[in-house]
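Here is the structure we will look at, set down as structure tokens.
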Amino acid sequence: MNETKLKEILRLHLLWLNNSEGGRRADLTGANLTDADLTGADLRGADLRGAVGVMQICTKCSCPTEGIRCKYCLNRLTDTTQGLPGTEPG
């Protein structure tokens, strides 16, 4: 993914996190982010399924992990949206 596109996705994602107009949840499914500079990026709620090069923090045991299951406690990591804008039930 090129840097310009990634920066725009992250800009819109931050707006989404803040419930601001024009915001959109980051869809980074399948993206190769191995060399991406994600310094300061807030990826809470971003769709990272299948993304390469991104470590996530397990919500159950707080360990850094990559993939769809925590390698330590096997917690499923695909639902990272709980409590975020636009994810309220019902």
- For the stretch 34-49, list residues with backbone N below 16 Å from a point placed 7 Å from the Cα of K7 toward its Cβ? 36-42
- Query: Under a 5 Å amide H to amide H cut-off, with H placed in plane at 1.01 Å, what residues pair with R25 once short-range neighbours are removed?
  - Reply: none
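Let me make sure I get this right: for the stretch 2-56, a, b and c are the square roots of the gyration tensor eigenvalues over alpha carbons, sorted descending. Under 1.5 in a/c it's rounded, otherwise prolate if a/b > b/c, else oblate. Which is it?
On the way: a/c = 1.88, a/b = 1.58, b/c = 1.19.
Because a/c hits 1.5 or more and a/b exceeds b/c, the stretch 2-56 counts as prolate.
Read-outs throughout are calculated quantities, based only on the coordinates presented, and are distinct from any laboratory measurement. Keep in mind that this is a model prediction, so the values were computed, not measured. All Cβ positions, glycine included, derive from the backbone under ideal geometry; neighbour counts span all protein chains shown.
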